Structures are given as C-alpha cells and as structure tokens.
1. Rank these residues by their accessible area, most exposed first, probe 1.4 Å: Asp93, Asp222.
2. Past 28 Å, Cα to Cα: identify those pairs from Lys100/Lys389; Lys231/Lys389; Lys100/Lys231; Lys100/Lys308, in the order given.
3. Quick one: with all protein chains in place, what share of the accessible area of the chain is carbon or sulfur, to the nearest percent (1.4 Å probe)?
4. Tell me the per residue accessible area of the chain using a 1.4 Å probe; a whole number in Å² is fine.
5. Which residue, chosen from Trp171, Val154, Val116, occupies the Cα position most advanced towards the positive end of the dipole of the range 108-194, where the dipole is computed from +1 (Lys, Arg) and -1 (Asp, Glu) charges on Cβ about the Cα centre?
6. Enter the accessible area of Ile96 (Å², nearest 10), with the probe set to 1.4 Å and all protein chains included.
7. Under a crude label model (7 Å from the Cα following the beta-carbon direction), how far is Ala268 from Arg73 in nanometres?
8. Within the set of other residues whose C-beta is less than 13 Å from the C-beta of Ile46, count the net charge using Lys and Arg as +1 and Asp and Glu as -1.
Amino acid sequence: MSLPKWSVSAVALVATFAIHGAVDAQVSFASNDAAEVTYAKDVASIIQNNCMVCHRPGGIGPMDLLTYDDARRYARRIREQVANRLMPPYYYDADIGIQKLEHDMRLSQEQINTVVAWVDQGAPMGDPADMPPMPNLVDTEEFMFTAEFGQPNVIVSSTPIDIPANGLDMWHRPIVPTGVTEDRCIRAIQVRPVGSAKGVVHHANSTFQRADDDGGFEATGDRASEYAMGKLGELIPEGVCRILPANSYVAWDIHMFPGGLGAAAPNAVIEDNVVDMGIWLWPADYQYEYKQDLALYPIRAGGELVMKPHGTTMMQGFRTFDHPVRIDSFQPHGHLRLRSASLEILYPETGRIEVISMVSNWSAVWHQSHTYASDVAPLVPAGAVLIIKQWYDNTENNPNVVDPDMWVDDGSRTADEMSHAWIAVTHLDEEGYQELVDERAANEERRITDQD
C-alpha cells in the first residue's frame, strides 16, 4: 500500500503517547527461517514513507528515525507499536465496515509482517546498495496538505495568547477576518497549532461569521472546520461545496490544557501561542451541484453522560434526514475515558442495520476525520437512521484514567467527558441520490463483467 504525500508527512512508527490503550495484536509473519528481511531492501522504504517527517529534528516524534542506526536502536519498540497497529496513528478497524478511505494512513498487513519479521531476524542492515534514496522532506512548519495542493489560498491565524505551564483548562475565542471578498468553495482545510502548541491545544473549533450593523458579529450558518489533538485536516469531495462566505470572519473556539498531554506535552510556559488555519479553495468558476456541511451530532439517547466510579457505560444517538444524503466523513470525539466508537445505518423498510465504521481502540491524542472514498461513501435514503455509539471506561483497566474513584460527568474540561461525532454530510435531492445509486450499480456490473 502506498500512502499519499500529505499523510506520509504526518505518520510516526513509534508510539509516542502513554495515553494509548494497549491492544492484542493478531500478527502473522515470516519465521526466522524464512527469506531474510533487511532494512535496506525491505524496511527503509516503509520507514521513509511513514515516519521520517515526524521522527526527525523539529518533528512531532520524540526521536529521530532518519538512519539505519536510528531504526535499529528502537527496533523492538517499532515492532510493538506496528504489530499492535498503534502506529501509524490512524485508529480505524481493519475488518469492520467501509475500508476504502481517502488518505488512509494504516500500514497494510504485508507491511506490518515485514517490519515484524525484520526485527525478529535481528534487524539486519543488508546490502547498502539496496537502500532507497532519502525522500525530500516537507518543512516541519509547513501545512500537511502543501505537498499535494501547494500553499493554502487563505491562512487565518488566531490572536496570540500565553499558556501557563500548569493550571486549569483555558478557552480563547478571537474573531479574525478571512480577507475573502466573494463566496468560494473549500477544497481542503487544515488547522495547525504552531510549534509547541501541538501538545496543549485540545481542540480548535471554527465557524464563519459576518459583521452586523450594530458593530458585533452574527453566524452565517457555515462551519469552517473542527480540530482536535492529532487531527491532520479535512478534504471536501469534488462536485460539492463547503462554502467560505464572502467578507466573513473566523470565530475561533480554542480549548487549551496547560502543560499538555502525551509525549508532545511541553510542561512549560508557551508565550504567544497561535493556531493557524490553512484553506485551499476550488477555482472561482468551480461548478457543483450540492452543498456539504460539517456538523456536531450529539450522542444523548438514554440520558446524560454520567459514569460512576470504577464503571463503564455506552451512549448512543440517532439522526435521520427528510432528504437523501451522502456521508462523506466520520470523526468520533471524546476525552480520556472514551475507548471505542461506531457508526451504523438503520434502514426502516427492511430493518437491516449496516455497520459503516468502527474504531475499537480510540485515542484522545490522535483524532482523525475518516473520509470515505467517493465511490463507497454511504448513500442514505430519506428516513434512514444514523446510529452513533460510543463506549466509555472509567476503571483502572483504562490507562488514561488517573483516579477511577471519581464520578465523571459530561463537560468541556479535559477531566470531563464528551459524547458526539463530527460528520460531513452532502445534502442530496431524490434525483441526485438515484443518479449516484445507478452509477454505482453500473460500475459494479462493469467490474463483474471485466472479471469474467
């Protein structure tokens, strides 16, 4: 499996955060008696394509993995994290639901087997002549989509704020102009805490607003993006439009945790902390048929989110539409006690429930927007029901729980919990829905014919 350039620059092979929960790996690999697996011939390309930009000077990784000596030094840790699918940091079950994802950062099973076999055979170097050339690494302060789309058309930065080394959760809500004077369609968007802020910015939500006649601001109804720790960005499919309104402002809602979380936590004062938003636009004459929006879908059916000491719980929520839609991406959200999340669709006419996505080993420091490939993105008829489930663990079995004797309630602090998912939805009409259904049926028929 080859990874796209932008995701390559965001991946690390070594587990960097103690906050991860362990999982039991099911790994099959060549034995020590099998053909030799060497770094130069087999492993170097995997590390180059999946970790070097993070694990290098200035990168988010806690150690460098630029050379064979680096990789050999950390070989056992690499094996553990790769075999358990903790690294690369893209937590999405490989055997449940839709598997065709845009910019999928997961290693293939063959790649995992190769890394494991290399370590088990003693991590040999092999013939230096087999070594692939070093890649051209994107600057650590560049936006991740730059390798694919070039520099952003628009960059909107929050106003700076100092963050202490420790203390209670903080919120910062500046409003900053975009400088765009006409309605445009967003192609991709990335929110990026600058420098050491990566370890202290828990989330940075953003909506578009306009100045009103009274000197204040009013919402346009359009959301820019949602950022949570570790998230790389969002892609908007071709043929639809997430609007950047003319003459708008970005209203930031930035949640910061002094000291930070995980191995990237600075545990020091950060002066003039800034969060940047890079926006890539479709051309001004871009043609589209339908609008897409990103929204927060709460998970509240069955009551409020409350966890007793040493307890577990599950929350689920439901959402239906009075028109057909396409689900473009799914991103569960929670805090330290969230362990797993899923997205399902109930079709009332037949009673069938389809599992779309499952994240069994969710991580609070590696949020990801799982974007479905356009030819498999779920098409949901009017009246069908989205079912969103999340499972929580407030026991000593959860390595993220500091004090399992505490009651935990829903709230915005890092010590509280949340229960919602961010879902990007393209809003269709009946004609457009049927066109997509027919197109997929025709493609499937051609595929079967070609196989024959």
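1. Details: Asp93 25, Asp222 50 Å².
Sorted by accessible area, descending: Asp222, Asp93.
2. Numbers: Lys100/Lys389 21 Å; Lys231/Lys389 21 Å; Lys100/Lys231 19 Å; Lys100/Lys308 38 Å.
From the list (Lys100/Lys389; Lys231/Lys389; Lys100/Lys231; Lys100/Lys308), the Cα-Cα distance tops 28 Å for Lys100/Lys308.
3. Working: 9490 of 19760 Å².
Answer for the chain: carbon and sulfur cover 48 percent of the accessible area.
4. Details: 19760 Å² over 452 residues.
Per residue, the chain has 44 Å² of solvent-accessible surface.
5. Selected residue: Trp171.
6. Solvent-accessible area, nearest 10 Å²: 60 Å².
7. 2.0
8. Working: positive: Lys41, Arg79, Arg106; negative: Asp42, Glu110.
Value of the local net charge: +1.
The values are calculated or read from the model by the stated rules, or taken from the named source; none is laboratory data. Predicted model only: the values in this text are computed from it and were never measured. Counting neighbours? That spans all protein chains shown, and the Cβs are built from the backbone with ideal geometry, glycine included. The area values use the complete protein model at the heavy-atom level, side chains included, leaving out ligands, DNA and RNA. Shrake-Rupley method; radii C 1.70, N 1.55, O 1.52, S 1.80 Å.
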